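Presented below is the structure to which this report refers.
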Amino acid sequence: MKKVGSFLNKNAKYVLTIPTILFILVCVTYPMFYTLRLAFFDWKMSAKISPEFVGFANFIDFFGDPRFRNALWRTIWYTFVAVSIETALGVTFALMLNKIKRASNVIRTIFLMPMVATPVAVGILWKLIYDPTIGLANNALSFFGLPTSTWLGSASTVMMSLIIIDIWQWTPNIMLIVLAGLSGMDDSVVESSRIDGANELQMIWHVTLPILTPTILMAVLLRMIDALKTFDIIYTTTTGGPGYASENLNILTYTYAFNYLQMGNACTLLVIFFVVVCGFALLFSLIRRRVERRFE
């Protein structure tokens, strides 16, 4: 027993990390490589046949499929528009709340309520809001004498309607990160610019925002990755409809896996989606580093 205890003491840094390594290997690494392997097979779970190796045929078929290309484009467009508006609103609200002293905690709590709600509950709530007959959205438009909309029921409005939901729920996320950056700012820099005669707008544009740039870019990167993976809101409100008008890569993957039972094609979509997310994250990280160097 003394030898065992002595061995554990000498190698504690290795022994204590073994459970974590095993967890990563079993729950992360193995499923990842299994998915990658299955992407090169044709496997329909509805048929009692073993997976058949087809090489890159699944990838070639998808890139020639208009449905896949449209889903990929919707995923990118949804992410770009939603995150851009969320960033603008989040930074604006953070700057405003940073100036408010009275009841600031209450206001921040109200702003954060959409973010802590479960996505399914948010989807059901907004489905009721967007209801063409009894929904709050059309009633509000009618009250102001504006034309009503079919919202989630029309291919021309469904994506923007979903983006509005995303903005409502996740703008507080960026606001919270920017507020944390504002709380860590050196007040002496702001005070010196005020002494030099800068007005409020000039201080925000030339002092506050440049200092906050690394924080804002990190918030955008985290939100962008999360927006690319959006599934719950779309599935609970439209399930990719009407038709395929709101179908993104996640919904398309779910459809192939659990509706069509084509696991080989579903794994192919997962691999493509993984490459897209990693590509965007890498590109934005490079842009972030270049911007940060300019402000050093």
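The values are calculated or read from the model by the stated rules, or taken from the named source; none is laboratory data. All of these numbers come straight from a predicted model, not from anything done at the bench. Cβ: placed from backbone, ideal geometry, glycine included. Neighbour counts: every protein chain shown.
Summary of computed values
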{"quantity": "Qualifying residue in the stretch 271-286 (condition: part of a helix (DSSP H, G or I), within 18 Å of the chain's Cα centre (by Cα), at negative phi and among the polar types (S, T, N, Q))", "calculated": "yes"}
{"quantity": "Selection count, the stretch 5-48, where residues are of a type in the set (A, V, I, L, M) and touching a strand residue (DSSP E or B) at 6+ places or on another chain (Cβ under 9 Å)", "calculated": "1"}
{"quantity": "Any hit, the stretch 37-56, residues being at pLDDT 85 or above, in a helix (DSSP H, G or I) and under 15 Å from residue 266 (Cα atoms)", "calculated": "yes"}
{"quantity": "Residue within the stretch 232-242 that is out of contact with any strand residue (DSSP E or B) (no Cβ under 9 Å at 6 or more places or on another chain), in a loop (DSSP other than H, G, I, E, B) and among the polar types (S, T, N, Q) present", "calculated": "yes"}
{"quantity": "Matching entry among 292, 247 (being of a type in the set (D, E, K, R), touching a helix residue (DSSP H, G or I) at 6+ places or on another chain (Cβ under 8 Å) and either over 20 Å from residue 177 (Cα atoms) or outside any helix (DSSP H, G or I) (or both))", "calculated": "247"}
